[in-house]
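The block underneath contains the structure these notes are about, expressed in structure tokens.
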Amino acid sequence: MIPDLFYELNPITQALIGGLFTWAVTALGASLVFFTKKINYPLLDSMMGFAAGVMIAASVWSLIIPSIDMAEAQGSIPWLPAVIGFLGGGVFLRICDQYLPHLHLGLDKSQAEGIPTKWRRSTLLVLAITLHNIPEGLAVGVLFGAAATGVDPTGTATVAAAIALALGIGIQNFPEGMAVSMPLRRDGLSVKKSFWYGQVSGVVEPISAVIGTAAVIFVQPMLPYALAFAAGAMIYVVVEELIPESQHHGNTDIATLGTMVGFCVMMVLDVSLG
């Protein structure tokens, strides 16, 4: 149960706590490197699929549906802000993907994307995870901000819904921390450095959560667009990165089942808590 004191906190503080929680779970996943450097690919792929399912469900129940409901309550065309925000989130991630140097898991350094650079493989791997942690933090922050404004007469954007989203994002961050630290350990980095790089990829989440909350509080008319924007950015990450990586090692069936389980878990969290 969430303490009543949490509901009385400033929304920016709530978002910061939510973001710190998701970062902490990333660090927890990265800490597995202290016990082993051997990667169990069926387990990793199922967990990456799980993360994809969580993000898909969160995008629909926690972000898109509240965006549509809020736009309709404001007298706008219900689907228009959702479409504009959703596509905007995808375009934003595409631009970041094109210019920010990063390397997806399981690929050689020569296959790094973004502007050519001589940065180390470890740095490029961390940047890849950091890139898709940005929309996760934004999603948590935007929902806390939406709950704080009190302008949603439908009641879909609530503190409880934001907490459910933070829980779901946190759960799916566990395999992400592991997916960074273990390959680095296998490549020869020390245990401490592998853990450091694994957890540091989640630092951006509390930062982006606070930014998302502050933005929607001060510019309330952008709420439906902001919710959909976060959803579009997350779906871009799922389709462009998580699902392909979860099936990169041939574990297609278990990765797909993991996606379905993740979807159901996030759906239950949102419906039961939100």
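Modelled spin-label separation between ILE115 and VAL268, with each label point placed 7 Å from Cα along the Cα-to-Cβ direction: 4.6 nm. A straight Cα-to-Cα reach below 16 Å connects LYS109 with the lysines LYS118, residues fewer than 8 places away in its own chain not being considered.
Sorting 159-171, 215-227 by their mean Cβ neighbour count within 10 Å, with the most densely packed peptide first, gives 159-171, 215-227. Think of a 1.4 Å ball rolled over the protein heavy atoms: the chain then has 43 Å² of accessible area per residue. When ASP97, ASP69 are compared by accessible surface with a 1.4 Å probe, the order from highest to lowest is ASP69, ASP97. The residues neighbouring HIS104, those whose beta-carbon lies less than 12 Å from its own, together hold a net charge of -4 under the Lys/Arg +1, Asp/Glu -1 convention. Residue ranges 40-47, 242-249 sort as 242-249, 40-47 when ordered by packing (mean number of other C-beta atoms within 10 Å per residue, highest first). Within the accessible surface of region 1-119, defined with a 1.4 Å probe on protein heavy atoms only, the carbon and sulfur portion equals 70 percent. Near PRO183: Cβ cut-off under 10 Å, other residues only, Lys/Arg at +1 and Asp/Glu at -1. The net charge is +3. Across the accessible surface of region 162-207, with the other protein chains kept in place and a 1.4 Å probe, carbon and sulfur atoms take up 71 percent. With each label modelled as a point 7 angstrom along the Cα→C-beta vector, the GLN98-ILE84 pair spans 2.2 nm.
The local environment of GLY170, defined by Cβ-Cβ distances under 12 Å, has a net charge of -3 under the rule Lys, Arg +1 and Asp, Glu -1.
A probe of 1.4 angstrom, applied to the heavy atoms of all protein chains, finds TRP119 with accessible area near 120 square angstrom. Candidates ALA30, ILE68, GLY85 compared by Cα position along the dipole of region 1-125: farthest toward the positive end lies ALA30, with charges placed on Cβ. Dipole check for the chain: with +1 at the C-beta of Lys and Arg, -1 at the C-beta of Asp and Glu, and the Cα centre as origin, the magnitude is about 1140 Debye.
A crude spin-label estimate for the pair MET260 and ALA73, with each label 7 Å from Cα along the Cβ direction, gives 3.5 nm. Span-like helix criteria (full DSSP H runs; alpha carbon extent of at least 27 Å along the helix axis; mean Kyte-Doolittle hydropathy of at least 1.0) are satisfied in the chain by 11-30, 79-99, 121-149, 252-273.
Cα gyration tensor of region 1-133, axes a ≥ b ≥ c as square roots of the eigenvalues: rounded (a/c below 1.5), prolate (a/b > b/c) or oblate?
oblate
The values are calculated or read from the model by the stated rules, or taken from the named source; none is laboratory data. Worth saying up front: this structure is predicted, and the values here are computed from it rather than measured. Every residue, glycine as well, gets a Cβ built from its backbone with ideal geometry; the counts of neighbours run over all protein chains shown. With ligands, DNA and RNA removed, areas are computed over all heavy atoms of the protein, side chains included. Shrake-Rupley method; radii C 1.70, N 1.55, O 1.52, S 1.80 Å.
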